[in-house]
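A short write-up of the structure that comes next.
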Amino acid sequence: MTYLDHIANEEVLKRAGSTRLQDIVAECRFRLAGYILSLPDHRHSKTAMRWTAASGTLEEVIQDQRHGEGHPKMTSSDAE
């Protein structure tokens, strides 16, 4: 098998008996989430996992931060 053979990634993974990287990463994330959920309630990582934004969903908060909403506009006189 060489580069010039133009074999699909799925076929290469199948021949090698390997798993797609995105499947490996997803499995690791699920394992980490299970570990965090098994921690006592006072641990910071468990608290962070249960956190919800007071002003809406996390996606809405991130979107607002990206677009500068919810923060006072900085003027040139503020920068001095």
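The values are calculated or read from the model by the stated rules, or taken from the named source; none is laboratory data. Given the structure is predicted, the values throughout are model-derived calculations rather than measurements. Neighbour counts are summed over all protein chains in view; Cβ atoms, including those assigned to glycine, are modelled from backbone coordinates with ideal geometry.
Collect the residues in the stretch 1-20 that are part of a helix (DSSP H, G or I) and either touching a residue at least 12 places away in the same chain (Cβ under 8 Å) or surrounded by 10 or more Cβ atoms within 10 Å (Cβ to Cβ) (or both), keeping them in residue-number order. Step through it out loud before you land on a result.
Here is the first cut: in the stretch 1-20, the residues part of a helix (DSSP H, G or I) are 3-5, 9-16.
Result: GLU11, VAL12, LEU13, LYS14, ARG15.
Can you tell me which residue is modelled with the lowest pLDDT among those in the stretch 51-80 that are surrounded by 10 or more Cβ atoms within 10 Å (Cβ to Cβ) and in contact with an Asp or Glu (Cβ under 9 Å, 6 or more places away or on another chain)?
We begin by selecting, within the stretch 51-80, every residue surrounded by 10 or more Cβ atoms within 10 Å (Cβ to Cβ); these are 53, 56-58, 60-65, 68-69.
Now narrow it down to the ones that are in contact with an Asp or Glu (Cβ under 9 Å, 6 or more places away or on another chain): 53, 56, 63.
On the way: ALA53: 64, GLY56: 67, GLN63: 75.
It comes out as ALA53.
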